[in-house]
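First the structure, in the form of structure tokens, and then the observations on it.
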Amino acid sequence: MAAFPQLIEEDFELFKASLERLRSSSRAHLVLLVEKAGYLIHQTGEIENVDPTQLAALASNCFNATLFIASLIRESNFNTMCQQGDSTSMLILNVDDHCLIVALFDASISAGSVRFYAASAIEAIASQLARAGGRNPEGAISIVDMNPTDIRDVFQRRSADPA
């Protein structure tokens, strides 16, 4: 897997707009952008008593296990995973080499309709991640190797431009 690009405010603004559009048009309760190692990048919406950080890690692991199963049966294109429950369903969609979208929605809503609305979000986010990777290719970071208890060196406020 390629190193994760450094993100700036412009990236997060696009993520926010894309995920919110997906959430409102599909009527999902919660939509997450998750790095494939399980780190939550961005979220919109919420579900009471659901920790989005835990959900991100578990959904990523579940999707990665599905990819391993796909390789066992020589299938190269497993890019969506759906879990249907009695009241809530979950759809996990591959964005690119870096990220997944995880959507939680009412079980009465078809996964196909959520997937339909997700297509434009996937395209926009993948394109933005490609732009982010092109800004400073040497500055990419490996989130997998990070120490999540000390992220001060990774996420810092931008200093004001000198006048």
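Some notes on this structure:
- Output for the range 71-94, where each listed residue is of a type in the set (A, V, I, L, M) and either surrounded by 15 or more Cβ atoms within 10 Å (Cβ to Cβ) or closer than 16 Å to Ala118 by Cβ (or both): Met81, Met90, Leu91, Ile92, Leu93
- With respect to (1) under 29 Å from Arg135 (Cα atoms); (2) modelled with pLDDT under 95; (3) not charged (D, E, K, R), the lone exception for Leu22 is condition (2).
- Every test in (1) closer than 30 Å to Glu75 by Cβ; (2) modelled with pLDDT under 95; (3) among the aliphatic types (A, V, I, L, M) is passed by Leu7 save one, and that test is (1).
- Qualifying positions in the range 29-60 - touching a helix residue (DSSP H, G or I) at 6+ places or on another chain (Cβ under 6 Å), surrounded by 19 or more Cβ atoms within 10 Å (Cβ to Cβ) and of a type in the set (A, V, I, L, M): Val31, Leu32, Leu33, Val34, Leu40
- Within the range 112-138, residues that are closer than 19 Å to Ala3 by Cα have Cβ atoms under 9 Å from residues that are aromatic (Phe, Trp, Tyr) and part of a helix (DSSP H, G or I) in these pairs: Ile125/Phe15; Gln128/Phe15, counting only partners at least 6 apart in sequence or on another chain.
- The set of residues from the range 95-110 being surrounded by fewer than 20 Cβ atoms within 10 Å (Cβ to Cβ) and in contact (Cβ under 8 Å) with a residue 60 or more places away in the chain comprises Asp97, Asp106, Ile109.
- Residues that are of a type in the set (Asp, Glu) and either crowded, with 16+ Cβ neighbours inside 10 Å or under 15 Å from the mean Cα position of the chain (by Cα) (or both), drawn from the range 1-20: Asp11, Glu13, Glu20
- Filtered by the rule that a residue be loosely packed, with under 13 Cβ neighbours inside 10 Å and more than 17 Å from the chain's Cα centre (by Cα), the range 111-141 gives Gly112, Gly134, Asn136, Pro137, Glu138, Gly139.
- Extreme residue, farthest from Ser108 (Cα to Cα), among residues of the range 65-82 that are of a type in the set (S, T, N, Q) and in contact (Cβ under 8 Å) with a residue 12 or more places away in the chain: Thr66
- Screening Arg23 on (1) outside any helix (DSSP H, G or I); (2) among the basic types (Lys, Arg); (3) surrounded by 19 or more Cβ atoms within 10 Å (Cβ to Cβ) shows it passes everything except condition (1).
The values are calculated or read from the model by the stated rules, or taken from the named source; none is laboratory data. Not measured: the values here are computed from a predicted model. Positions of Cβ are backbone-derived with ideal geometry, glycine not excepted, and every protein chain shown enters the neighbour counts.
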